[in-house]
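One structure, as structure tokens, below. Some questions next.
The values are calculated or read from the model by the stated rules, or taken from the named source; none is laboratory data. Here the structure is a predicted model, which means the values were calculated and not measured. Here the Cβ positions follow ideal geometry from the backbone for every residue, glycine too, while neighbour counts run over all protein chains shown.
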Amino acid sequence: MSYQRVLLKLSGEALMGNLGYGIDPAVVAEIAQEVADVVKSGVQVAIVVGGGNIFRGMKASAAGMDRATADYIGMIATVMNAMTLQDALERIGIANRLQTAISMQEVAEPYIRRRAIRHLEKGRVVIFGAGSGNPFFTTDTTAALRAAEIDAEIIFKATKVDGIYDADPKGNPDAHRYQSLTYNHVLTHELKVMDSTAIALCKENDIPILVFDLSVSGNIMRATKGETVGTIVGG
Ligand code: UDP
């Protein structure tokens, strides 16, 4: 079994590699190559990019900045990541479109749902930048929202760990990795998979979330084939 249309959530940190801040172009190139392999296998791929490698609204607001202003900066930071990913995809010949939830017509299309779906049907990767366009939200929630809007079958939450554990696997050798979990379990135990708004939206719309390690080469492709590469959260 293979998925037909997936939504890949890439955190800003994923694009940072081992740097302390910003974007590692070599890491972005590797991710682009993995996405390319998946697209060439006929799977439609939409991507929501985070911005935490550059700016986090919550952190800036804790330091005194107005929260909404900080969040808008965070959303704009995601566009830098999205443009970098776009460039990396283009360099290896993968057709794509960047759509942003905050209009930046000089550099990206505005987010238009029907147009995004049309791009996907034509085999183009669609990158969603600028989050949901609303402060007080996250790019995880954006991933859940866009997945519901474009009718994606699953969200791939690519992270630095190979799934969800009952304890922090770093420093806890007895930590156990779950193969599957329900939305309710994640919500009631406040597991740090995605924020609760994102999980609730996925639950309401019956969109499973697969959490897996992005740094293992070929994992995105394995995930699209339905292989168990991490932890799946579902009904
Ligand atoms: N953000 C927002 N609304 C959204 C999505 C993102 O206000 O719909 C802001 C928020 O300040 C957030 C920042 O953009 O901290 C970067 O996004 P996020 O922290 O989700 O990125 P990630 O953790 O995936 O790198």
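Would you confirm, using the coordinates I've provided, whether Ala108 is among the aliphatic types (A, V, I, L, M) and in contact with a strand residue (DSSP E or B) (Cβ under 6 Å, 6 or more places away or on another chain)?
Numbers: among the aliphatic types (A, V, I, L, M): yes; in contact with a strand residue (DSSP E or B) (Cβ under 6 Å, 6 or more places away or on another chain): yes.
Spelling it out, Ala108 is indeed among the aliphatic types (A, V, I, L, M) and in contact with a strand residue (DSSP E or B) (Cβ under 6 Å, 6 or more places away or on another chain).
Need pairs with beta-carbon distance below 7 Å; first residue more than 19 Å from Ala158 (Cα to Cα) and within the stretch 176-200, second of a type in the set (Val, Ile, Thr); sequence gap 6+ or separate chains.
These pairs meet every condition: Leu187/Ile199.
Taking the conditions exactly as written (within 16 Å of the ligand (Cβ to nearest atom) and over 17 Å from Ile31 (Cβ atoms)), does Gly131 satisfy them or not?
So Gly131 fits the description; yes.
Just wondering, is there one or more residues in the stretch 10-30 that are buried (at least 17 other Cβ atoms within 10 Å of the Cβ), assigned to a loop (DSSP other than H, G, I, E, B), within 8 Å of the ligand (Cβ to nearest atom) and under 18 Å from the mean Cα position of the chain (by Cα)?
Yes, because at least one residue in the stretch 10-30 is buried (at least 17 other Cβ atoms within 10 Å of the Cβ), assigned to a loop (DSSP other than H, G, I, E, B), within 8 Å of the ligand (Cβ to nearest atom) and under 18 Å from the mean Cα position of the chain (by Cα).
Among the numbered criteria (1) within 12 Å of the ligand (Cβ to nearest atom); (2) without any contact (Cβ under 8 Å) to a residue 60 or more places away in the chain; (3) buried (at least 19 other Cβ atoms within 10 Å of the Cβ); (4) under 15 Å from Ala130 (Cβ atoms), which single criterion is violated by Gln86?
Only one criterion is unmet by Gln86, namely (1).
Taking the conditions exactly as written (within 13 Å of the ligand (Cβ to nearest atom) and either under 18 Å from Thr159 (Cβ atoms) or hydroxyl-bearing (Ser, Thr, Tyr) (or both)), does Val6 satisfy them or not?
Judged against the criteria, Val6 is not a match.
Taking the stretch 134-166 as the search range and keeping residues that are of a type in the set (Val, Ile, Thr) and away from the ligand (no atom under 11 Å from the Cβ), which one is farthest from Arg97 (Cα to Cα)?
Ile164
Follow-up question, since we're still on this one. Kindly indicate whether any position in the stretch 127-147 is on the phi > 0 side of the Ramachandran plot, touching a residue at least 40 places away in the same chain (Cβ under 8 Å) and out of contact with any helix residue (DSSP H, G or I) (no Cβ under 6 Å at 6 or more places or on another chain).
The answer is yes; a qualifying residue exists.
Lys160 passes all but one of (1) among the charged types (D, E, K, R); (2) at pLDDT 95 or above; (3) closer than 27 Å to Ile94 by Cβ; which number fails?
Failed condition: (2).
On to the next question. Can you find a residue that is at pLDDT 95 or above and in contact with a Ser or Thr (Cβ under 7 Å, 6 or more places away or on another chain) anywhere in the stretch 95-109? Let's see the steps before the verdict.
Taking the stretch 95-109 first, the residues at pLDDT 95 or above are 95-109.
Those left that are additionally in contact with a Ser or Thr (Cβ under 7 Å, 6 or more places away or on another chain): 101, 108.
Within the stretch 95-109 (the criterion being at pLDDT 95 or above and in contact with a Ser or Thr (Cβ under 7 Å, 6 or more places away or on another chain)), the answer is yes, since at least one residue qualifies.
Only one of (1) under 27 Å from Phe55 (Cβ atoms); (2) loosely packed, with under 14 Cβ neighbours inside 10 Å is not met by Ile92, so which one is it?
(1)
Looking only at the stretch 34-75, count how many residues are within 13 Å of the ligand (Cβ to nearest atom) and assigned to a helix (DSSP H, G or I).
Count: 15.
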